[in-house]
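The values are calculated or read from the model by the stated rules, or taken from the named source; none is laboratory data. Just so we're clear, the structure is a prediction, and the values are computed from it rather than from any experiment. Note that we place each Cβ from the backbone using ideal geometry, even for glycine, and neighbour counts take in every protein chain shown.
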Amino acid sequence: MEEKKTITEQSNQKSLRIDEMSSLEIITLMAEGDKKIYEAIEKTLPTVAKSVDAIVERWQKGGRCFVVGAGTSGRLGVLDSVELIPTFSIEPGRWIGLIAGGYEAMWTPLEENEDDEKQVVEELQGYLISANDVIIGVSASGTTPYVLSALDFGNKIGALTISISCNEKTPASKFSLFGIEAVVGPEVIRGSTRLKAGTAQKMILNMISTATMVRLGKVYQNQMVDMQLINKKLVKRAISTLMDLTNLSEFEAKDLLEQSEYHLKTAIFVALTQGSKEQAQYYLSQSNGRLKEAIHRFFNTNLK
């Protein structure tokens with residue numbers, strides 16, 4: 001009996017004549033198919049939310065998050081991981097992307113490494129991974145040996161295991177405490193999972209990392225207040241944020257940011273409470289960096 005193809009490997013009947021279509025017809029067909037991405041993701045939201053809650057719990061105990069994948073999935077995991085450092089000022093080495101084939105695989109097709117089950121275990125062991133940590137396995141098919149090996153190893157040491165795939169009832173989900181399956185359907189080019197499947201995985205990775213950072217107090221209202229101010233653009237954004245949140249003039253915002261040693265949370269705290277830099281540091285420390293909570297603590301203490 002012929003083995004049934006997984007959804008990500010099936011032929012899309014709507015694109016059988018794509019090689020005869022005009023450019024507009026091709027991209028129209030693609031855009032129409034992409035509408036299914038949100039529908040698929042919407043079904044996963046309860047599981048994604050549970051994943052975020054579990055990551056936050058581990059993170060507050062000092063845990064780290066490892067995002068593991070091969071090919072497109074691996075590159076998406078590395079991309080999301082790297083961007084968290086300047087965006088939310090997390091410590092290097094807390095959210096780590098691992099791709100089959102190593103660093104070179106980000107730039108060079110090394111897809112043959114996705115079958116290497118030993119490499120990823122050695123990498124994780126090199127990081128001294130423990131039960132406090134999290135492994136997110138990203139695999140469109142849900143069958144990638146590199147990813148399954150990482151999840152299996154994570155389970156053996158008691159780490160939190162999460163998977164993101166685009167098929168139903170995948171091995172990756174069986175190896176995970178939280179199996180996220182965004183079934184977006186066959187691609188317009190059969191098996192080209194850099195398309196709908198890749199987009200769905202990118203969106204879910206964004207949701208997990210962003211929601212985790214928000215829960216950890218890296219955002220005030222809807223503003224990034226834990227940025228690393230490492231270039232002129234980000235300093236300008238910090239000044240703009242300070243002006244938006246406090247009604248300071250540009251000159252006043254620049255001056256306060258400088259006095260706060262370019263620590264945006266401190267500057268916002270001082271502007272909104274009229275407290276000192278030392279008080280900002282104290283109440284932020286007492287609130288685990290959560291600015292809104294720090295401000296509430298200040299007023300509850302000083303208005304009694």
In the set Ala211, Ala280, Ala267, Ala271, which member is assigned to a helix (DSSP H, G or I), touching a residue at least 24 places away in the same chain (Cβ under 8 Å) and within 21 Å of Glu91 (Cβ to Cβ)?
Ala211
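Results for (1) at pLDDT 95 or above; (2) not polar (S, T, N, Q), shown as yes or no for each residue.
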{"site": "Met224", "(1), (2)": "no, yes"}
{"site": "Met227", "(1), (2)": "no, yes"}
{"site": "Asn231", "(1), (2)": "no, no"}
{"site": "Leu234", "(1), (2)": "no, yes"}
{"site": "Glu261", "(1), (2)": "no, yes"}
{"site": "Ile268", "(1), (2)": "yes, yes"}
{"site": "Tyr283", "(1), (2)": "yes, yes"}
Residues of region 76-96 satisfying the condition of being closer than 18 Å to Thr199 by Cβ and touching a Lys or Arg at 6+ places or on another chain (Cβ under 9 Å):
Leu76, Leu79, Asp80
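Counting only residues that are part of a helix (DSSP H, G or I) and free of Cβ contacts under 8 Å to residues at least 40 places away in the same chain, which one in region 14-25 is surrounded by the most Cβ atoms within 10 Å (Cβ to Cβ)? Even if it seems obvious, please write down each step before you answer.
Our first condition is that a residue be part of a helix (DSSP H, G or I); within region 14-25, this holds for 14-15, 18-20, 23-25.
From what's left, free of Cβ contacts under 8 Å to residues at least 40 places away in the same chain: 19-20, 23-25.
Numbers: Asp19: 8, Glu20: 8, Ser23: 7, Leu24: 8, Glu25: 12.
Result: Glu25.
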Please find, within region 164-208, the residue that is nearest to Ile85 (Cα to Cα) out of those that are in contact with a Ser or Thr (Cβ under 8 Å, 6 or more places away or on another chain) and part of a helix (DSSP H, G or I).
Ile208
Got a sec? Which of Ile96, Ile55 is under 20 Å from Ile157 (Cα atoms) and buried (at least 24 other Cβ atoms within 10 Å of the Cβ)?
Ile55
With Ala211, Ala182, Ala200, Ala172 as the choices, which residue is in the same structural domain as Lys61 (by TED's automatic domain parsing), within 20 Å of Asp116 (Cβ to Cβ) and among the aliphatic types (A, V, I, L, M)?
Ala172
Return the residues of region 58-98 that are in contact with a strand residue (DSSP E or B) (Cβ under 8 Å, 6 or more places away or on another chain) and of a type in the set (Ser, Thr, Tyr); say none if nothing qualifies.
Ser73, Ser81, Thr87
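Just need a number here: residues in region 170-196 that are of a type outside the set (Val, Ile, Thr) and at pLDDT 95 or above. Steps first, please.
Keep residues of region 170-196 that are of a type outside the set (Val, Ile, Thr), which gives 171-179, 181-182, 185-187, 190-192, 194-196.
In the following step, the residues that additionally are at pLDDT 95 or above were identified as 171-179, 181-182.
Adding up the residues that qualify gives 11.
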Single residue of Gly154, Gly158 found to be surrounded by fewer than 22 Cβ atoms within 10 Å (Cβ to Cβ), among the small types (Gly, Ala, Ser) and either assigned by TED's automatic domain parsing to the domain that holds Arg75 or at pLDDT below 95 (or both):
Gly158
Tell me which residues, restricted to region 38-52, are surrounded by 15 or more Cβ atoms within 10 Å (Cβ to Cβ) and within 30 Å of Gly217 (Cβ to Cβ).
Ile41, Thr44, Thr47, Val48, Ser51, Val52
Assess whether Lys61 counts as being farther than 18 Å from Ala172 by Cα, at pLDDT below 95 and assigned to a helix (DSSP H, G or I).
no
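Conditions (1) part of a helix (DSSP H, G or I); (2) of a type in the set (Val, Ile, Thr); (3) on the phi < 0 side of the Ramachandran plot; (4) touching a residue at least 40 places away in the same chain (Cβ under 8 Å), marked per residue:
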residue	(1), (2), (3), (4)
Ser11	no, no, yes, yes
Leu29	yes, no, yes, yes
Tyr38	yes, no, yes, no
Lys50	yes, no, yes, yes
Ala54	yes, no, yes, yes
Glu57	yes, no, yes, no
